[in-house]
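**Student:** Sharing a structure, written as structure tokens. Questions coming.
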């Protein structure tokens, strides 16, 4: 009988099934939906032995369970101290995440995998645990989800400095990288002299929404979908809306997503007041699931996501699949969506005046909107090909295992 490839995923995720395991039913937030979708693809597969090692964000217990032919190992990232003390005194950062490294090292050594697959180097609450294995006997694959080192919008406190430091260490020391866009390769080569690239995509959430043209009334002109924070360009968008309002008095913007924090929410409300657009902007806030968010997004004519850096945001792919044309800054891997056909409107980072002009143009040109949507549906189709996504990753594991 042929031996299965034994793979560990080192990652972070939260979904509704996971929440129920911990007896939580309200006020939870889905985390890393691309990982949740990838888990679904790998469930009940018989050609690999998959173990998922992830942090427990709900309590201090270490929990192991099996489900749909996947073994889960959920570890507490902190010891006995209350979470508040843990955060205030920045204990993980001060100790260089030693508790997490020790816990995960013990778990992985007990599993004894053929391959460790780290999903994202930017979150030290799990990514730091890969560092002891980068010169170990295990073969390691690091898939790039983003580069926090390129984020200039989030300040430079101890936590952010540590995040960047650990990410850079991983990018320098790892050898094998999972990538989905050319821009990731260019960035990696700045940190690592000899990276080996393996190409694969993460699956996007399929909208469970009827998106036929006349089925849903378009109540809003624009929508921004995702975490409401400076790095996602919300302040630039508010400035653009204030310009549009001079021409279109009844312009509306729907903001779907949780705020960075309450202070930032109050700051944005003040900005809206100063720009005289308080009656034009609707803050919907955090919604329990992506499907709830999708039901709101399809009510808008245009999605505007002005992220300052990202690989290719899942929110852009999802809006395209929902039939909502997209305006975005031309940063990271986003321009690659236009490589074969114009699928979205690209604008230089920070140029909110041109954003305003393009919003007006799209609102007034239904033919152009239809062209973008037709092209976008072709462009994003690969992100919903679950069978290909599985085959690509399985072949990567097979190749690494045979080295």
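**Student:** Pick from 77, 92, 132: which is at pLDDT below 85 and assigned to a helix (DSSP H, G or I)? Break it down stepwise before answering.
**Tutor:** Details: 77 fails: assigned to a helix (DSSP H, G or I); 132 fails: at pLDDT below 85.
One residue alone meets the criteria, 92.
**Student:** Now for a different question. Answer with yes or no whether residue 121 is assigned to a loop (DSSP other than H, G, I, E, B) and closer than 12 Å to residue 10 by Cβ. Give the steps one after another, and end with the answer.
**Tutor:** On the way: assigned to a loop (DSSP other than H, G, I, E, B): yes; closer than 12 Å to residue 10 by Cβ: yes.
Judged against the criteria, residue 121 is a match.
**Student:** Within segment 185-282, considering only strands (runs of 3 or more DSSP E) that don't extend past its boundaries, which have at least 2 residues that are closer than 23 Å to residue 296 by Cβ and in contact with a strand residue (DSSP E or B) (Cβ under 7 Å, 6 or more places away or on another chain)? Give the steps one after another, and end with the answer.
**Tutor:** Working: elements: 196-199, 220-225, 253-256.
It comes to 220-225, 253-256.
**Student:** Do we find a residue being in a loop (DSSP other than H, G, I, E, B) and either in contact (Cβ under 8 Å) with a residue 60 or more places away in the chain or exposed (fewer than 15 other Cβ atoms within 10 Å of the Cβ) (or both) anywhere in segment 290-303?
**Tutor:** As a first pass, look at segment 290-303 and keep what is in a loop (DSSP other than H, G, I, E, B): 298-299.
Filter once more, so that each one left must be either in contact (Cβ under 8 Å) with a residue 60 or more places away in the chain or exposed (fewer than 15 other Cβ atoms within 10 Å of the Cβ) (or both): 298-299.
Yes, there is a match, as at least one residue in segment 290-303 is in a loop (DSSP other than H, G, I, E, B) and either in contact (Cβ under 8 Å) with a residue 60 or more places away in the chain or exposed (fewer than 15 other Cβ atoms within 10 Å of the Cβ) (or both).
**Student:** Go through segment 350-390 and give me each residue that's outside any helix (DSSP H, G or I) and loosely packed, with under 15 Cβ neighbours inside 10 Å.
**Tutor:** Initially, segment 350-390 is screened for residues outside any helix (DSSP H, G or I), giving 350-351, 365, 385.
Hits for segment 350-390 are 350, 365, 385.
**Student:** Okay, moving on. Just give me the residues in segment 310-324 being over 17 Å from residue 338 (Cβ atoms), surrounded by fewer than 23 Cβ atoms within 10 Å (Cβ to Cβ) and under 16 Å from the mean Cα position of the chain (by Cα), in sequence order.
**Tutor:** 314 - this is the single residue of segment 310-324 that is over 17 Å from residue 338 (Cβ atoms), surrounded by fewer than 23 Cβ atoms within 10 Å (Cβ to Cβ) and under 16 Å from the mean Cα position of the chain (by Cα).
The values are calculated or read from the model by the stated rules, or taken from the named source; none is laboratory data. Just so we're clear, the structure is a prediction, and the values are computed from it rather than from any experiment. Cβ atoms come from the backbone with ideal geometry, glycine included; neighbour counts cover every protein chain shown.
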